[in-house]
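To keep things clear, I will list the structure first and then write my remarks on it.
The values are calculated or read from the model by the stated rules, or taken from the named source; none is laboratory data. These numbers come from a predicted model, not from an experiment. A quick note on method: Cβ atoms are made from the backbone with ideal geometry, for glycine too, and the neighbour counts reach across all protein chains shown. Just so you know, the surface numbers come from the protein's heavy atoms only, side chains and all, with ligands and any DNA or RNA stripped out. Shrake-Rupley method; radii C 1.70, N 1.55, O 1.52, S 1.80 Å.
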Amino acid sequence: MIRINCPYCGERDHSEFSYGGDATIKYPSLDSSEKEWTEAIFFRKNIKGFQLETWHHTNGCRMWLKIERSTVTHEIRSVKPCHPDLQKVVENNK
Amino acid sequence: MKTSRLKNYGKINRDNDLSFTWDNKKYKGFKGDTLASALLANNIGVVGRSFKYHRPRGIFSSGVEESGALVTVGSKDRRDPNVRATTQELYDGLKASGQNAFPNVNFDLAGINNYLGRFFASGFYYKTFMGIPPFEWGKGTAIWMFFEKFIRKAAGMGSASTLPDPDSYEHAHDFCDVIVVGSGPSGIAAAIEAAEKKLDVILVEQDSLIGGDQLSEYEFDSSHIENQIKNLGIKVMTRTTAFGLYDNCVVGLLERVTDHLLLPDKTLPRQRFWTIRAKHIIVGAGAIERHIAFNNNDIPGVMTVNASKHYLNRYGVLTGKKIVITANNDSVYETAELLSEAGANVTVLDSRTNFEIETNKTFEIRRGYVPYNINGSKKIDSLDISKSKNISKSETINCDQVLLSGGWSPAVHLLSHRGVKPKWDYENACFLPSDTKENITMIGSSRGLWNKNDCIASGVAGATDALNRLGISKTNYFFPKPGGWKNPIKPLYEVKYNKSRSKSFVDYQHDVTSDDVRLAHREGFISVEHLKRYTTLGMANDQGKMGNIIGLSLMADLLNKEIPEVGTTVFRPPYTPVSIGALSGRNVGKHFRPLRVTPMHQWNIDHGAKMIEVGLYQRPWYYPKENETLSNSYIREATTVRKTVGICDVTSLGKIAIQGPDSSEFLNRIYSNGFSKLKVGKARYGIMLRDDGIVMDDGTSWRLAENEYFMTTSTGEAAKVMSWLEELLQTRWTNLNVNVTSVSEQWAGVSIAGPKSREVLNNCVIDSSVINNNNLPFMGVTSTFLKGKIPCRIARISFSGELAFEVYVKSDFSNTMMDLLWENAKKNDGCLYGLEALGALRVEKGHVTAAELDGRVTIDDAGLSKMASSKKSYIGSAMRKRGVLKNNDREILVGFFPANLKETFNAGTIVCEKHNIKGQGIGRITSVTYSPELGHWIGIGFVKGGLDRWKDTILVGADPVRNKQMNLKIVSPHMVDPKGERMHA
Ligand SMILES: [Zn+2]
């Protein structure tokens, strides 16, 4: 039972969100090789502890969020918009 | 066992008589009774038959750990099996009966199983059913199926009603600072302390009254305390069990709202499933008294010591006349005094020799004595006892009740749900809760405190711990040391007596004996988790609350280890059973999932549509005339579309507005085919791939203006595509200036298809010139007005292969649009058509939908290689060229005819080579239909190597589900008008 403090909507239950995936992946450009894409898509670390991941506030503001979550305790350390420009706006408004 | 109701004892309301039936006979009880106390008061000793051996069983306890008195309560659609009589409150008119016996628990024909024990020893099922042949078509499962019927029948513990559940259930949520589980002395103290410090507190109690163990005290009155704590603003929830602890301080509660009433109030749910989000959890769940394993330790009349005290002081029932208490600890002496004061003849066998105890000397204490066998069958006649465990000098005591206390097990279950392993305490012979970093504090006897003052002190300490951890205070506190008895407990788990073949029970409810544990050890199942599964120890619905520790100690003995080295099994939620009804709450029947309807839903129904579910949507399936069947109807509809014109509601398609200066670039990246050169006023069919090169979805995008597109997606993938586009724009291509908005609900859409579709539309638009062949060519898009000045978007798009248009209006105008189109379609001998006809038309054309694009299919597999641009890169363009997706054995889209055109086939049919009909074959049929155009059944699907490899070979369609086989001819998937001349007309 995770509670996520959405920067736009406030603290909400995780059932409003959908899990995305690893937020640290740098997706290669579209014309990159099969090898580069294979690594970006299929190779994942199995982290024990805090990891950065994307979540979509599907039943809320529809923003994609970058969340630092512990895979052991589900503790959430930070929640930010994925989009860098929006991240700046949120930080400036703090 | 001779029981009696005593005048001056108990907290029952003697002015409030209740009548109830047990096995069809009428009895009386009082308000405040449980079913168990009322049965005892009526001197009913045998209340059930055991699981495997059908041995007569009585009432072992007075609480949730009960493993003997499992009964069926209620009748007809409210028949509930496996109810613990010890927690079922008595109500007027309650109907209950014994289980697992025929004709009744007193005379059970299957009692013979007791003498056939060797067939039921642990591992019987595993040994008997090993080596069942592997599952293959049509064979192999028969052996299991044959035995299953008998096993299920023999093993049943009561049976649930097969009628629909007449009751409703609710899901509810609440928040608080501190939730306190358990209203014993420690829980009350904690709740008061926290509430006095201004915290928002919820106090949960599984019993109908608060007080916990104090309800077994003669003087205790729970109403005083209840008033006091309610005045402090504490929310008190009785009849509510905290069945599980979850991440981040979430507690799952089951509130039994009307289980204590005969006819529930219709405005109330039967049970409420609560999700409580707390900041801190305090658990004072108490401790559970253990029994002792020895021969025939299950004869009705055996009970835990504290249960007997509870029946006396809470219900005024003295559970025996001549009582032997067998124990290894100090906790039993208070009960011994109480029972003898109440008039029973009491003897205490204490396995210890050196201990000091002060008593009122109204009963005899036999130091160093242990029980080793009970004589009797449906009631206790006498008890064989011995000085010391190696049964030498034995002696027999006549008695009608044997009370057991092998020590106490703190209820560490809830903490165990959080993955916190308990630690073994040698001094107190029990598992104690370990510390946790989570905001959970264990108090009272669930942290191994045996006396009341220590419990109260631990409650205050627990609340202080909560305040400190929440950053509200910084106060020193300490918890009393575990224990609290004057003399140490001396472990006593089993008294072994080999000279008789009688059974000595470890787990009453699953009939697991000491010998079963030894057998498991001999056969190598020595890990606790294996032991548990092999013998089913602790897997009954009491989850081993009484028997687990005894099982562990036996295994530890066999392995020459200590209990903590053998380990402990992990407790998982729920602490006590939770009904399926409570889990589903209101999400049943029509409310099982949300219902989506199109704005012209009622219009469709009014015009005769039969509806079908597509994902969450209700869509028109077919529009039967008079006595038409589904197939009559869809064949007529499809034929009409090809001959004149048909109208079909396509509103459920996903619709997305794509706006902004980089919209063209965006579409060019997400679709496999080129979009950068699409002109304003044109639409294009596009395919989206996933990152890994597999097809995600298909649809059309219409360029409405330089920087504005209108995208349609399939019905099923609409939500996924929307999230995907948002993800790309917010996480990957953050410099693209594009905005996406779901407009699925805003636009109502209809497809008008057939050679006369333009004629129909001509009469519906204000300016018919905008839709002529020049102004609106194939794949053309226009924004114009329907008659009545209704703004609309029209695209000349065809899914059926006929001349066809898709028309969209704002949802509010949907019915007006339908009236207008239908009026003019009728004039042209047109029809309304549903999904079944739509399917027939598209299968004839070999168009793929969700049935084909199932997440495993590539663009090449679907025969759409032309849709993959070689001039640009797009999502999936690198990965779709992976070796595995390009190998020659990929299953490729083809069409199917039955070799004998009179035959039919079904979707799901497995395609095989003639002499190799097995396994997954070489392909599958995904969609089938009767083709009105061709006059026989056709299908599309996939075959390894595709049409080129098989066009001259007859293959076999195997349909093991329907036990059917037919020969198939492989053809091009484009079965009607392959050149597409009609839609360009
Ligand atoms: Zn949000």
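For segment B:598-653, the set of GluC sites (Glu not before Pro) satisfying both a DSSP loop assignment and a count of at most 14 other C-beta atoms within 10 Å is given as B:E626. The 3J(HN,Hα) values that the Karplus relation (6.51, -1.76, 1.60; θ = phi - 60°) gives for segment B:470-486 are, in residue order, 7, x, 8, 9, 9, 10, 6, 8, 9, 9, x, 5, x, x, x, 8, 5 Hz. Gly and Pro appear as x.
The trypsin sites (Lys or Arg not before Pro) found in segment B:1-41 that occupy coil by DSSP, while having at most 15 further C-beta atoms within 10 Å, are B:K2, B:K7. Projecting the Cα positions of B:V528, B:I917, B:W424 onto the charge dipole of the protein assembly as shown (unit charges on Cβ atoms of Lys, Arg, Asp and Glu, taken about the Cα centre) puts B:I917 furthest along the positive direction.
In a fully extended conformation the segment linking B:I954 and B:K902 would gain 17.1 nm over its present Cα-Cα distance, using 0.36 nm per residue. For the residue pairs A:K26/B:K872; A:K48/B:K421; B:K197/B:K486; B:K309/B:K452; B:K309/B:K486, the alpha carbons lie more than 24 Å apart in B:K197/B:K486.
Take the residue pairs A:K80/B:K198; B:K682/B:K866; B:K845/B:K969; B:K643/B:K969; B:K643/B:K866 and return only those whose Cα atoms are more than 23 Å apart. List each step's numbers first, then the result.
Values: A:K80/B:K198 34 Å; B:K682/B:K866 19 Å; B:K845/B:K969 17 Å; B:K643/B:K969 28 Å; B:K643/B:K866 30 Å.
Beyond 23 Å: A:K80/B:K198; B:K643/B:K969; B:K643/B:K866.
If you add up the charges near B:T464, with Lys and Arg at +1 and Asp and Glu at -1, over every other residue whose beta carbon is less than 9 angstrom from its beta carbon, what do you get? After counting each charged neighbour, the total is -1. Taking max minus min of the alpha-carbon positions on each principal axis, the protein assembly as shown gives extents of 113, 71, 60 Å, largest first. Given chain B, what percent of its DSSP beta bridges are antiparallel, to the nearest 5? Roughly 75 percent of the beta bridges in chain B run antiparallel, per DSSP.
Taken one residue at a time, the phi angles of segment B:254-267 give Karplus couplings (6.51, -1.76, 1.60, θ = phi - 60°) of 10, 9, 8, 7, 10, 5, 9, 10, 5, 10, x, 4, 5, 7 Hz. Gly and Pro are set to x. A straight Cα-to-Cα reach below 19 Å connects B:K964 with the aspartates and glutamates B:E136, B:E903, B:E913, residues fewer than 8 places away in its own chain not being considered. Accessible area per residue for segment B:654-742, computed on protein heavy atoms with a 1.4 Å probe, is 33 Å². Taking amide H atoms as placed 1.01 Å from N in the peptide plane, the amide H of B:F30 lies under 5 Å from those of B:L18, each 5 or more residues away in sequence or on another chain. One Cα centroid belongs to segment B:193-214, the other to segment B:432-473; the line between them spans 14 Å. Axis angle, to the nearest 10 degrees, between helix B:814-827 and the longest C-alpha principal axis of chain B: 50 degrees.
Computed from Cα positions, the angle between helix B:835-845 and the longest principal axis of chain B comes to roughly 50 degrees. Once the other residues with Cβ under 9 Å from the Cβ of B:Q401 are scored (Lys, Arg +1; Asp, Glu -1), what is the net sum? Result for the neighbourhood of B:Q401: +2.
Just to verify a number: FRET efficiency for B:E665 and A:E75, C-beta to C-beta distance, R0 = 41 Å, to 0.05? Don't skip to the answer; put the middle values down first.
Numbers: r = 40 Å, r/R0 = 0.98.
So the FRET efficiency works out to roughly 0.55.
Taking a straight line from the alpha carbon of B:K490, these aspartates and glutamates sit under 15 Å away, with near neighbours fewer than eight places off in the same chain left out: B:E289, B:D330, B:D350, B:E356, B:D425, B:E427, B:E562. Once B binds A, the 1.4 Å probe can no longer reach about 2200 Å² of accessible area, counting both sides. Summed over qualifying helices (DSSP H, 4 residues or more, each -39500 (n - 2.57)) and divided by its residue number, the protein assembly as shown shows a 222 nm mean residue ellipticity of -6000 deg cm²/dmol.
For B:V894, the amide hydrogen comes within under 5 Å of the amide hydrogens of B:G941, B:F942, B:V943, counting only partners 5 or more places away or on other chains and with H modelled in the peptide plane. What the Cα atoms of chain B give is an Rg and a Dmax of 37.1, 114 Å.
Database remark: amide H of B:L203 closer than 5 angstrom to the amide H of B:V180, B:K235, B:V236, B:M237 (H placed geometrically; neighbours at sequence offset of 5 or more, or on other chains; Pro and chain starts carry no H). What's the angle, to the nearest 10 degrees (0 to 90), between helix B:452-469's Cα axis and the longest principal axis of chain B? Helix B:452-469 sits at roughly 30 degrees to that axis. Each peptide in B:738-749, B:272-283, B:355-366 receives the mean, over its residues, of other Cβ atoms within 10 Å, and ordering these scores from highest gives B:272-283, B:738-749, B:355-366. For segment B:590-623 versus segment B:747-767, the inter-centroid distance based on Cα atoms is 22 Å.
Rounded to the nearest 20 debye, what is the charge dipole size of segment B:296-399 about its Cα centre when +1 sits on each Lys and Arg Cβ and -1 on each Asp and Glu Cβ? Working shown, then result.
Details: 13 positive and 12 negative charges, 57 e Å.
Here the size comes out at about 280 debye.
In whole percents, the pair-distance distribution calculated for segment B:887-985 from its alpha-carbon pairs, binned every 10 Å from zero, is 17, 51, 25, 6, 1. Straight-line cross-link reach from B:K720 at under 17 Å between alpha-carbon atoms covers these lysines, not counting any fewer than eight positions away in the same chain: B:K655.
A Förster distance of 51 Å, applied to the separation of the beta-carbon atoms of B:N772 and B:H915, puts the FRET efficiency at 0.30.
Taking Cβ atoms as reference points and 11 Å as the exclusive limit, the residues near B:K881 contribute a net charge of +1, counting Lys and Arg as +1 and Asp and Glu as -1. Per residue of B:726-737, other chain Cβ atoms within 10 Å of the residue Cβ number 5 on average.
As a fraction of the 1.4 Å probe accessible area of segment B:670-828, surface on carbon and sulfur atoms comes out at 47 percent.
Across segment B:846-854, rounded Karplus estimates of 3J(HN,Hα) from the backbone phi angles (6.51 cos²θ - 1.76 cosθ + 1.60, θ = phi - 60°) give x, 7, 8, 9, 4, 4, 8, 7, 9 Hz, Gly and Pro being marked x.
Packing, as the average of other Cβ atoms within 10 Å across residues, places the peptides B:418-430, B:329-341, B:374-386, B:766-778 in the order B:329-341, B:374-386, B:418-430, B:766-778, highest first. Would you work out if segment B:654-742 is rounded, prolate or oblate? Take a ≥ b ≥ c from the square roots of the eigenvalues of the alpha-carbon gyration tensor; rounded if a/c is under 1.5, else prolate when a/b is larger than b/c, oblate otherwise. The shape class here is rounded. For the residue pairs B:K918/B:K951; B:K496/B:K532; B:K11/B:K235; A:K45/B:K423; B:K321/B:K532; B:K95/B:K590, the C-alpha atoms sit more than 26 angstrom apart in A:K45/B:K423; B:K321/B:K532; B:K95/B:K590.
Could you compute the FRET efficiency for B:Y218 and B:T475, with r as their C-beta to C-beta distance and R0 at 30 Å, rounded to 0.05?
Numbers: r = 36 Å, r/R0 = 1.19.
Once the sixth-power term is evaluated, E becomes 0.25.
Spin-label model, A:Y27/B:D889: points 7 Å from Cα along the beta carbon direction are separated by 3.3 nm. Along the charge dipole of segment B:605-710, which of B:S701, B:W621, B:V641 sits closest to the positive end, that is, farthest toward it, with unit charges on the beta carbon of Lys, Arg, Asp and Glu (+1, +1, -1, -1)? It is B:V641, whose Cα lies furthest towards the positive end. For segment A:1-49 versus segment B:917-985, the spacing of their alpha-carbon centroids is 41 Å.
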